Amino acid sequence: MKKSTKKIIIAAVAAAALAGAAAGVFACTMPYEVTADGQTLVVVKNKAAGKEAVRKVLEGYVPEDTELKTVSLDKNLQIKAVGIKRYFSAKAQIKTKKEAVSYLMDANSKEEALFDATITSQYVKEETYTPEIDYRADDKALAGTKRVEKEGKDGRRKATYQVTTVNGVETASEIVDQEILEKGESAIIYKGTLGVPEGKDWKTYEGNPVFNDGSDIANTALQYLGCPYKYGGSSFTKGIDCVQYVRNIYRMYGVSIPNSHSKIRKLGSGVSLSGAQPGDIICYKKHVAIYLGNGKMAEATRKKGTKVSSIRGGVITIRHVNKNN
(Lines give C-alpha, C1' and ligand atoms only; values in the text may rest on other atoms or scores of the structure.)
Protein backbone atom coordinates (compact mmCIF):
# COMPACT_ATOMS: atom_id res chain seq x y z
CA MET A 1 0.00 0.00 0.00
CA LYS A 2 1.33 3.44 -0.88
CA LYS A 3 2.34 5.55 2.11
CA SER A 4 0.15 8.44 0.99
CA THR A 5 -2.92 6.21 0.90
CA LYS A 6 -2.07 4.77 4.30
CA LYS A 7 -1.78 8.28 5.74
CA ILE A 8 -5.18 9.22 4.39
CA ILE A 9 -6.82 6.17 5.95
CA ILE A 10 -5.07 6.65 9.29
CA ALA A 11 -5.99 10.31 9.28
CA ALA A 12 -9.63 9.42 8.70
CA VAL A 13 -9.55 6.91 11.56
CA ALA A 14 -7.85 9.39 13.86
CA ALA A 15 -10.35 12.10 12.96
CA ALA A 16 -13.24 9.77 13.71
CA ALA A 17 -11.73 8.76 17.04
CA LEU A 18 -10.94 12.30 18.08
CA ALA A 19 -14.51 13.59 18.18
CA GLY A 20 -16.01 16.24 20.41
CA ALA A 21 -13.22 18.81 20.29
CA ALA A 22 -13.94 21.73 22.60
CA ALA A 23 -14.19 25.26 21.30
CA GLY A 24 -14.10 28.67 22.99
CA VAL A 25 -12.86 32.21 22.98
CA PHE A 26 -9.41 31.21 24.09
CA ALA A 27 -9.26 27.89 22.16
CA CYS A 28 -6.77 29.22 19.64
CA THR A 29 -4.24 30.01 22.37
CA MET A 30 -4.90 27.14 24.76
CA PRO A 31 -2.83 23.94 24.89
CA TYR A 32 -4.69 20.83 23.80
CA GLU A 33 -4.79 17.43 25.45
CA VAL A 34 -5.32 13.97 24.05
CA THR A 35 -7.56 11.95 26.35
CA ALA A 36 -8.71 8.32 26.55
CA ASP A 37 -12.10 7.88 28.21
CA GLY A 38 -11.55 11.24 29.90
CA GLN A 39 -8.03 10.47 31.18
CA THR A 40 -5.31 12.82 29.95
CA LEU A 41 -2.64 11.04 27.93
CA VAL A 42 -0.49 13.90 26.66
CA VAL A 43 -0.59 17.71 26.29
CA VAL A 44 0.46 19.40 23.03
CA LYS A 45 0.66 22.95 21.70
CA ASN A 46 -2.50 22.92 19.61
CA LYS A 47 -5.27 20.81 18.13
CA ALA A 48 -3.40 20.08 14.90
CA ALA A 49 -0.41 18.76 16.86
CA GLY A 50 -2.69 16.44 18.83
CA LYS A 51 -4.29 15.01 15.71
CA GLU A 52 -0.93 14.56 14.04
CA ALA A 53 0.52 12.78 17.09
CA VAL A 54 -2.36 10.29 17.21
CA ARG A 55 -2.18 9.75 13.45
CA LYS A 56 1.56 9.03 13.68
CA VAL A 57 1.03 6.54 16.50
CA LEU A 58 -1.67 4.63 14.63
CA GLU A 59 0.36 4.69 11.43
CA GLY A 60 3.32 3.29 13.33
CA TYR A 61 1.25 0.28 14.37
CA VAL A 62 0.55 -0.79 10.78
CA PRO A 63 3.05 -3.55 9.86
CA GLU A 64 5.51 -2.76 7.08
CA ASP A 65 4.48 -3.66 3.53
CA THR A 66 0.88 -4.46 4.44
CA GLU A 67 -2.42 -2.99 3.31
CA LEU A 68 -4.44 -1.49 6.13
CA LYS A 69 -7.96 -2.89 6.52
CA THR A 70 -9.37 -1.84 9.90
CA VAL A 71 -8.41 0.09 13.02
CA SER A 72 -10.32 -0.17 16.29
CA LEU A 73 -9.63 1.46 19.65
CA ASP A 74 -10.64 0.09 23.02
CA LYS A 75 -11.12 3.58 24.47
CA ASN A 76 -12.76 6.78 23.26
CA LEU A 77 -9.95 9.12 22.20
CA GLN A 78 -10.62 12.84 22.17
CA ILE A 79 -8.59 16.00 21.67
CA LYS A 80 -9.70 19.18 23.36
CA ALA A 81 -8.49 22.47 24.79
CA VAL A 82 -7.37 22.10 28.41
CA GLY A 83 -9.45 25.09 29.66
CA ILE A 84 -8.57 28.24 31.58
CA LYS A 85 -8.34 26.57 35.00
CA ARG A 86 -5.55 24.25 33.85
CA TYR A 87 -3.85 26.70 31.53
CA PHE A 88 -0.66 27.31 33.51
CA SER A 89 -0.16 23.73 34.73
CA ALA A 90 -0.86 22.38 31.23
CA LYS A 91 1.64 24.81 29.66
CA ALA A 92 4.36 23.12 31.70
CA GLN A 93 3.37 19.69 30.33
CA ILE A 94 3.38 20.55 26.64
CA LYS A 95 5.27 18.12 24.42
CA THR A 96 6.25 18.58 20.81
CA LYS A 97 4.60 16.34 18.20
CA LYS A 98 7.70 14.14 18.12
CA GLU A 99 7.83 13.92 21.92
CA ALA A 100 4.11 13.14 22.09
CA VAL A 101 4.42 10.32 19.57
CA SER A 102 7.40 8.84 21.39
CA TYR A 103 5.62 9.08 24.74
CA LEU A 104 2.44 7.41 23.49
CA MET A 105 4.35 4.61 21.74
CA ASP A 106 6.49 3.92 24.82
CA ALA A 107 3.53 3.99 27.21
CA ASN A 108 1.51 1.67 24.99
CA SER A 109 4.31 -0.90 24.87
CA LYS A 110 3.99 -1.50 28.62
CA GLU A 111 1.77 -4.09 30.28
CA GLU A 112 -0.86 -1.49 31.22
CA ALA A 113 -1.22 0.44 27.99
CA LEU A 114 -2.88 3.86 27.80
CA PHE A 115 -5.15 2.49 25.07
CA ASP A 116 -5.17 -0.49 22.71
CA ALA A 117 -5.19 0.00 18.97
CA THR A 118 -6.19 -3.22 17.20
CA ILE A 119 -5.21 -3.16 13.53
CA THR A 120 -5.90 -5.68 10.78
CA SER A 121 -3.89 -5.51 7.60
CA GLN A 122 -3.13 -7.81 4.69
CA TYR A 123 -0.26 -8.74 2.44
CA VAL A 124 0.16 -11.12 -0.50
CA LYS A 125 2.99 -13.63 -0.61
CA GLU A 126 3.98 -16.16 -3.26
CA GLU A 127 5.18 -19.27 -1.47
CA THR A 128 5.62 -23.02 -1.42
CA TYR A 129 2.84 -24.91 0.35
CA THR A 130 2.35 -28.48 1.53
CA PRO A 131 -1.09 -29.98 0.77
CA GLU A 132 -3.07 -31.43 3.65
CA ILE A 133 -2.14 -35.04 4.37
CA ASP A 134 -4.60 -37.73 3.34
CA TYR A 135 -4.84 -39.88 6.49
CA ARG A 136 -6.31 -43.36 6.21
CA ALA A 137 -7.19 -45.81 8.97
CA ASP A 138 -5.28 -49.07 9.45
CA ASP A 139 -7.28 -51.17 11.91
CA LYS A 140 -4.54 -53.78 12.09
CA ALA A 141 -1.79 -51.38 13.20
CA LEU A 142 -1.20 -49.95 16.67
CA ALA A 143 -2.37 -46.49 17.63
CA GLY A 144 0.42 -43.95 17.37
CA THR A 145 2.07 -45.75 14.45
CA LYS A 146 1.97 -44.68 10.84
CA ARG A 147 2.95 -45.95 7.42
CA VAL A 148 3.63 -43.70 4.44
CA GLU A 149 1.83 -45.09 1.41
CA LYS A 150 2.67 -42.20 -0.89
CA GLU A 151 4.99 -39.23 -0.54
CA GLY A 152 3.44 -35.83 -1.07
CA LYS A 153 4.56 -33.07 -3.39
CA ASP A 154 4.71 -29.37 -2.51
CA GLY A 155 2.96 -26.83 -4.68
CA ARG A 156 3.14 -23.07 -5.21
CA ARG A 157 0.49 -20.52 -4.30
CA LYS A 158 -0.15 -16.80 -3.98
CA ALA A 159 -1.53 -16.44 -0.46
CA THR A 160 -3.25 -13.45 1.10
CA TYR A 161 -2.37 -13.20 4.78
CA GLN A 162 -4.40 -11.18 7.26
CA VAL A 163 -2.41 -9.95 10.24
CA THR A 164 -3.89 -8.67 13.50
CA THR A 165 -1.79 -6.53 15.82
CA VAL A 166 -2.49 -4.84 19.13
CA ASN A 167 -0.30 -1.80 19.70
CA GLY A 168 2.13 -3.12 17.12
CA VAL A 169 2.39 -6.63 18.57
CA GLU A 170 1.16 -9.40 16.28
CA THR A 171 -1.59 -11.49 17.87
CA ALA A 172 -2.85 -13.47 14.88
CA SER A 173 -2.04 -14.30 11.29
CA GLU A 174 -4.13 -16.36 8.88
CA ILE A 175 -4.56 -17.04 5.20
CA VAL A 176 -7.84 -15.53 4.01
CA ASP A 177 -7.46 -16.19 0.29
CA GLN A 178 -5.16 -18.05 -2.04
CA GLU A 179 -4.50 -18.59 -5.72
CA ILE A 180 -2.93 -21.95 -6.64
CA LEU A 181 -0.07 -21.44 -9.07
CA GLU A 182 1.20 -25.01 -9.11
CA LYS A 183 -0.93 -27.76 -7.59
CA GLY A 184 0.74 -30.01 -5.04
CA GLU A 185 -0.07 -33.63 -4.17
CA SER A 186 -1.21 -34.88 -0.78
CA ALA A 187 0.83 -37.52 0.99
CA ILE A 188 -1.11 -40.68 1.84
CA ILE A 189 -0.39 -41.96 5.35
CA TYR A 190 -2.02 -44.89 7.11
CA LYS A 191 -2.44 -44.42 10.87
CA GLY A 192 -2.95 -47.27 13.29
CA THR A 193 -6.29 -47.44 15.10
CA LEU A 194 -5.71 -50.48 17.30
CA GLY A 195 -5.84 -49.31 20.92
CA VAL A 196 -6.78 -45.66 20.32
CA PRO A 197 -8.01 -44.27 23.68
CA GLU A 198 -11.70 -43.44 23.88
CA GLY A 199 -12.43 -39.91 22.76
CA LYS A 200 -9.16 -39.52 20.83
CA ASP A 201 -8.92 -38.95 17.08
CA TRP A 202 -6.92 -41.69 15.39
CA LYS A 203 -5.72 -39.19 12.78
CA THR A 204 -3.92 -36.99 15.30
CA TYR A 205 -3.19 -39.43 18.15
CA GLU A 206 0.56 -39.87 18.75
CA GLY A 207 0.60 -41.56 22.16
CA ASN A 208 0.82 -45.19 23.19
CA PRO A 209 -1.99 -47.62 22.42
CA VAL A 210 -4.39 -48.54 25.22
CA PHE A 211 -4.98 -52.14 26.27
CA ASN A 212 -8.77 -52.26 26.06
CA ASP A 213 -9.21 -56.04 26.13
CA GLY A 214 -7.37 -59.21 25.16
CA SER A 215 -8.44 -58.96 21.54
CA ASP A 216 -6.05 -56.02 21.14
CA ILE A 217 -3.20 -58.21 22.38
CA ALA A 218 -4.17 -61.10 20.10
CA ASN A 219 -4.57 -58.91 17.02
CA THR A 220 -1.23 -57.25 17.64
CA ALA A 221 0.49 -60.62 18.06
CA LEU A 222 -0.77 -61.56 14.60
CA GLN A 223 1.01 -58.53 13.12
CA TYR A 224 4.38 -60.06 14.00
CA LEU A 225 4.13 -63.50 12.47
CA GLY A 226 7.08 -64.78 10.49
CA CYS A 227 9.75 -63.20 12.72
CA PRO A 228 12.95 -65.29 13.09
CA TYR A 229 13.65 -67.20 16.28
CA LYS A 230 16.65 -66.51 18.49
CA TYR A 231 17.10 -67.85 22.01
CA GLY A 232 17.28 -64.87 24.38
CA GLY A 233 16.53 -62.52 21.48
CA SER A 234 14.05 -59.67 21.80
CA SER A 235 14.00 -58.21 18.28
CA PHE A 236 11.20 -58.86 15.83
CA THR A 237 13.64 -58.40 12.97
CA LYS A 238 16.88 -59.98 14.28
CA GLY A 239 15.34 -62.80 16.28
CA ILE A 240 13.12 -63.37 19.30
CA ASP A 241 12.24 -66.19 21.70
CA CYS A 242 8.85 -67.14 23.17
CA VAL A 243 9.13 -65.14 26.40
CA GLN A 244 10.30 -61.97 24.68
CA TYR A 245 7.59 -62.34 22.04
CA VAL A 246 4.91 -62.28 24.73
CA ARG A 247 6.66 -59.51 26.67
CA ASN A 248 7.10 -57.29 23.60
CA ILE A 249 3.45 -57.55 22.59
CA TYR A 250 2.21 -56.66 26.08
CA ARG A 251 4.81 -53.93 26.49
CA MET A 252 3.29 -52.07 23.54
CA TYR A 253 0.23 -51.54 25.74
CA GLY A 254 2.16 -50.52 28.83
CA VAL A 255 1.86 -53.94 30.54
CA SER A 256 5.01 -55.34 32.14
CA ILE A 257 5.49 -59.12 31.87
CA PRO A 258 8.18 -60.97 33.93
CA ASN A 259 11.25 -62.26 32.15
CA SER A 260 10.93 -65.92 33.14
CA HIS A 261 8.59 -68.85 32.53
CA SER A 262 8.04 -69.53 36.23
CA LYS A 263 7.10 -65.93 37.07
CA ILE A 264 4.75 -65.67 34.11
CA ARG A 265 2.92 -68.77 35.40
CA LYS A 266 2.06 -66.80 38.57
CA LEU A 267 1.00 -63.61 36.78
CA GLY A 268 -2.58 -62.32 36.83
CA SER A 269 -5.31 -64.87 37.41
CA GLY A 270 -5.57 -68.47 36.23
CA VAL A 271 -8.35 -69.52 33.86
CA SER A 272 -9.39 -72.80 32.28
CA LEU A 273 -8.98 -73.49 28.59
CA SER A 274 -12.76 -73.33 28.16
CA GLY A 275 -12.78 -69.94 29.89
CA ALA A 276 -9.71 -68.55 28.11
CA GLN A 277 -10.02 -65.28 26.19
CA PRO A 278 -7.96 -63.89 23.30
CA GLY A 279 -4.80 -62.29 24.70
CA ASP A 280 -4.42 -64.72 27.62
CA ILE A 281 -1.01 -66.33 28.08
CA ILE A 282 -0.70 -70.09 27.49
CA CYS A 283 1.99 -71.47 29.81
CA TYR A 284 3.90 -74.72 29.29
CA LYS A 285 6.83 -75.92 31.39
CA LYS A 286 9.40 -74.12 29.25
CA HIS A 287 7.27 -72.25 26.76
CA VAL A 288 4.69 -69.44 26.61
CA ALA A 289 2.32 -68.26 23.88
CA ILE A 290 -0.59 -65.85 23.32
CA TYR A 291 -4.07 -67.31 23.01
CA LEU A 292 -5.94 -66.22 19.87
CA GLY A 293 -9.25 -68.01 20.44
CA ASN A 294 -10.79 -71.09 18.84
CA GLY A 295 -8.00 -73.32 20.15
CA LYS A 296 -5.25 -71.33 18.40
CA MET A 297 -2.21 -69.53 19.80
CA ALA A 298 0.60 -67.27 18.53
CA GLU A 299 4.05 -68.44 19.57
CA ALA A 300 7.75 -68.14 18.80
CA THR A 301 9.16 -71.55 17.78
CA ARG A 302 12.74 -72.65 17.20
CA LYS A 303 12.14 -74.02 13.69
CA LYS A 304 9.63 -71.60 12.16
CA GLY A 305 9.88 -68.46 14.27
CA THR A 306 6.65 -66.69 15.22
CA LYS A 307 3.59 -68.49 13.90
CA VAL A 308 0.02 -69.59 14.64
CA SER A 309 -0.38 -73.08 16.11
CA SER A 310 -3.08 -75.22 17.64
CA ILE A 311 -2.90 -75.58 21.41
CA ARG A 312 -1.00 -78.72 22.31
CA GLY A 313 -1.12 -80.92 25.35
CA GLY A 314 1.04 -80.16 28.35
CA VAL A 315 -0.48 -76.78 29.27
CA ILE A 316 0.36 -76.00 32.92
CA THR A 317 -1.77 -72.87 33.30
CA ILE A 318 -3.44 -70.11 31.33
CA ARG A 319 -3.03 -66.61 32.75
CA HIS A 320 -5.44 -63.73 32.28
CA VAL A 321 -3.58 -60.40 32.48
CA ASN A 322 -4.77 -56.81 32.65
CA LYS A 323 -3.15 -53.45 33.34
CA ASN A 324 -3.56 -53.84 37.07
CA ASN A 325 -1.47 -57.00 37.24
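Would you please give the residues with an amide H less than 5 Å from that of ASN76, counting only those at least 5 places away or on a separate chain, with H modeled from the backbone geometry?
Correct list: ASP37.
How about the stretch 103-148: which trypsin sites (Lys or Arg not before Pro) there lie in a loop by DSSP and see at most 14 other Cβ atoms within 10 Å?
Those that pass, being in a loop and sparsely packed, are LYS110.
If we restrict to alpha carbons, what Rg and Dmax does the chain come to, in Å?
Reported Rg and Dmax, both Å: 36.5, 114.
Could you work out what % of the accessible surface of the chain is carbon and sulfur, using a 1.4 angstrom probe and leaving DNA, RNA and ligands out of the count?
That fraction is 48 percent.
Cut-off under 16 Å on the C-alpha distance; same-chain residues fewer than 8 positions from LYS286 excluded. Which aspartates and glutamates are left, in chain and number order?
ASP241, GLU299
How large is the accessible surface per residue of the chain, computed with a 1.4 Å probe and reported in Å² as a whole number? The partial results should precede the final answer.
On the way: 18260 Å² over 325 residues.
Counting only protein heavy atoms, the per-residue value for the chain is 56 Å².
Suppose we take every Cα in the stretch 176-242 and form the convex hull; what volume per residue is that in Å³?
Output value, Cα hull per residue: 160 Å³.
In what order, largest first, do GLU126, GLU299, GLU185, GLU111 sit by accessible area if the probe radius is 1.4 Å?
Working: GLU126 105, GLU299 0, GLU185 80, GLU111 185 Å².
Largest to smallest exposure gives the sequence GLU111, GLU126, GLU185, GLU299.
Averaging sequence separations of C-alpha pairs under 8 Å and six or more residues apart, then dividing by the length of the chain, give the relative contact order as a whole percent.
Result for the chain is 12 percent.
Work out from phi, with θ = phi - 60° and the Karplus expression 6.51 cos²θ - 1.76 cosθ + 1.60, the ³J(HN,Hα) of each residue of the stretch 186-200, listed in order in whole Hz, and give x for Gly and Pro.
So the Karplus estimates, Gly and Pro as x, are 6, 6, 10, 10, 8, 10, x, 10, 6, x, 5, x, 4, x, 9 Hz.
By the gyration tensor of its Cα atoms, with a ≥ b ≥ c the square roots of the eigenvalues, what is the shape of the stretch 179-325: rounded for a/c under 1.5, prolate for a/b over b/c, or oblate?
Prolate shape, in that a/c is at least 1.5 and a/b is the bigger ratio.
Read phi for every residue in the stretch 124-137 and hand back ³J(HN,Hα) as whole Hz from Karplus 6.51 cos²θ - 1.76 cosθ + 1.60, θ = phi - 60°, with x for Gly and Pro.
For the stretch 124-137, the Karplus curve yields 10, 9, 8, 8, 7, 9, 10, x, 4, 5, 8, 8, 10, 7 Hz.
Would you mind checking which residues have amide H under 5 Å from LYS95's amide H? H placed 1.01 Å from N; only 5 or more apart, or other chain.
When sequence neighbours closer than 5 places are left aside, the close amide H contacts are VAL43, VAL44, LYS45.
The values are calculated or read from the model by the stated rules, or taken from the named source; none is laboratory data. Bear in mind the structure is a predicted one, so any value in this text is a computation, not a measurement. Cβ sites come from the backbone with ideal geometry, for glycine too, and all protein chains shown count toward neighbours. For the accessible areas, the whole protein counts, side chains as well, though only heavy atoms, and no ligand, DNA or RNA atoms are used. Shrake-Rupley method; radii C 1.70, N 1.55, O 1.52, S 1.80 Å.
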